[in-house]
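First up is the structure itself, then whatever we jot down about it.
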Amino acid sequence: MSTTDTDSTSEQNDSTAPPRELLRTAGLKKYFALNDGLLDRVFGETAHVKAVDGVNLTVRAGETVGVVGESGCGKSTLGRTLTRLYDPTDGSVIFDGEHIETYSGRDLKALRRRVQYVFQDPMSALNPRKTVGESVGKPLEVHDIASGTERTDRVANLFEEMGLMRSQLDAYPHELSGGQLQRVGLARALITEPDLVVFDEPVSALDVTLQAQILNLINRLQGEYDLSYVFISHNLNVVRHVCDRIAVMYAGEVVERGTTEQLFENPQHPYTRALLRSVPSVRERHEREREELPGSPPSATNPPSGCRFHPRCPEFIDGRCVSEAPETRSVAGDQGHEVACHWAELSVEKREAHTPPDGAARETIEREGASGEK
């Protein structure tokens, strides 16, 4: 085989190889101590909010991974822990091959340049006493990238790329609209040319027209800057538009993950199915009523035993759901699709034949399962 043939074969192999892994978490936990309660004062016992509880997540170079779930499921806390805005309680965060969960000082400062966070409320990341141009340019000074005229030029050029005007460099946050502020937030995140950007509900406060504009901008910037994204949202229609893969969170845990197509076309977890039913697509919106998920999310300080979704689950099986936390397993015949659910482990025939216990029977099973009775 000639050298040319060898090079050609190598390029073909490289093109079919999966993108490199940029970020990985293993057993990631973030607990918040509640240390001002009666038990703590009397007995020295401390309760914890288990906001993130054993999450495994992977983000490859150049892809967008969505994290979805109801309010309070832990998705925003996960995003802030990934970027080290919060210190992990346990588990590991590996970024570009390096464990960053214990970073501090200069290592953490260097990480800040490569990993950025876009807040749901862009005002929270901007100093109201400084112009937006000053706020966007500040990271260039912090990381010794540029100063003076060069800094001003970089910020001005980025403003134009965000669809903002140079004259708005001297505006204060309160003088800009919500859409303009979100563009400023994007500019501030991209000014250091990061590798990974975590978005926390970036369009939830905008109307539909502005949402589309910002989402299109986010998509375009990803290609131009070779970025990887983690996209946190409760809006499944938005996530479907921008994400390659999705992780579904419930009560601090990931209960299902897979490609966007897998989760929308073949959802396995009853919670994922309920989320999809609650958010009809635009063309379905006039054909059926929105279906609300019954019940409320569980306590983050004292989550249910077994599967944390079992008190609300329409596919509740038996005491196993109450006493045994389901393992995350691969979905048969669907590569890369994983789910943590006892019901999803059943064959299609058994699922279709299954009738969940109701009323007193279910209450008895839950009570006995929680207490360990047979």
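The values are calculated or read from the model by the stated rules, or taken from the named source; none is laboratory data. On a predicted model such as this, the values are computed, not experimentally measured, just so you know. Virtual Cβ from ideal backbone geometry, glycine too; neighbours counted across all protein chains shown.
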**OP:** Inspect all residues belonging to segment 86-107 and state whether any of them is touching an Asp or Glu at 6+ places or on another chain (Cβ under 7 Å) and within 19 Å of Ile218 (Cβ to Cβ).
**Re:** no
Subject >> Among (1) under 20 Å from Ile218 (Cα atoms); (2) of a type in the set (Gly, Ala, Ser); (3) not in a helix (DSSP H, G or I) - the single one Gly72 does not satisfy >> reply: (1)
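Report yes if Val65 is under 30 Å from Ser278 (Cβ atoms), in a strand (DSSP E or B), at pLDDT 90 or above and in contact with a strand residue (DSSP E or B) (Cβ under 7 Å, 6 or more places away or on another chain), otherwise no.
Working: under 30 Å from Ser278 (Cβ atoms): yes; in a strand (DSSP E or B): yes; at pLDDT 90 or above: yes; in contact with a strand residue (DSSP E or B) (Cβ under 7 Å, 6 or more places away or on another chain): yes.
Criteria met by Val65.
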Original post:
Scanning for something at pLDDT 90 or above, part of a helix (DSSP H, G or I) and at negative phi, does segment 328-343 turn up at least one residue?
Top reply: yes
Original post:
So which of Gly79, Gly137 is closer than 25 Å to Ile232 by Cβ, in a helix (DSSP H, G or I) and in contact (Cβ under 8 Å) with a residue 24 or more places away in the chain?
Top reply: Gly79
Original post:
Mind checking which residues of segment 161-187 are in contact with a helix residue (DSSP H, G or I) (Cβ under 7 Å, 6 or more places away or on another chain) and among the acidic types (Asp, Glu)?
Top reply: Asp170
Subject >> Conditions (1) part of a loop (DSSP other than H, G, I, E, B); (2) not assigned by TED's automatic domain parsing to the domain that holds Asn235; number of the one not met by Gln180 >> reply: (1)
Subject >> Whichever residue in segment 280-298 is surrounded by 13 or more Cβ atoms within 10 Å (Cβ to Cβ) and closer than 27 Å to Lys30 by Cβ and, among such residues, is modelled with the lowest pLDDT >> reply: Leu293
**OP:** May I ask you to list the residues in segment 158-177 that are assigned to a helix (DSSP H, G or I) and among the hydrophobic types (A, V, I, L, M, F, W, C)?
**Re:** Leu158, Phe159, Leu169
Original post:
How many of the residues in segment 308-325 are within 25 Å of the chain's Cα centre (by Cα), at pLDDT below 95 and surrounded by 20 or more Cβ atoms within 10 Å (Cβ to Cβ)?
Top reply: 2
Original post:
Across segment 101-116, what is the total count of residues that are out of contact with any helix residue (DSSP H, G or I) (no Cβ under 7 Å at 6 or more places or on another chain), buried (at least 18 other Cβ atoms within 10 Å of the Cβ) and not charged (D, E, K, R)?
Top reply: 2
Subject >> segment 312-360 - residue that is touching a strand residue (DSSP E or B) at 6+ places or on another chain (Cβ under 7 Å) and β-branched (Val, Ile, Thr) and, of those, farthest from Gly54 (Cα to Cα) >> reply: Val331
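Check segment 173-182 and report whether any residue there is within 23 Å of Asp96 (Cα to Cα) and among the hydrophobic types (A, V, I, L, M, F, W, C).
Restricting attention to segment 173-182, the residues satisfying the condition of being within 23 Å of Asp96 (Cα to Cα) are none.
Looking through segment 173-182, none of the residues is within 23 Å of Asp96 (Cα to Cα) and among the hydrophobic types (A, V, I, L, M, F, W, C).
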**OP:** Any chance you could count how many residues in segment 73-100 are crowded, with 18+ Cβ neighbours inside 10 Å and more than 30 Å from Leu275 (Cα to Cα)?
**Re:** 2
**OP:** Provide a single number: the residues in segment 82-133 that are free of Cβ contacts under 8 Å to residues at least 60 places away in the same chain and at positive phi.
**Re:** 3
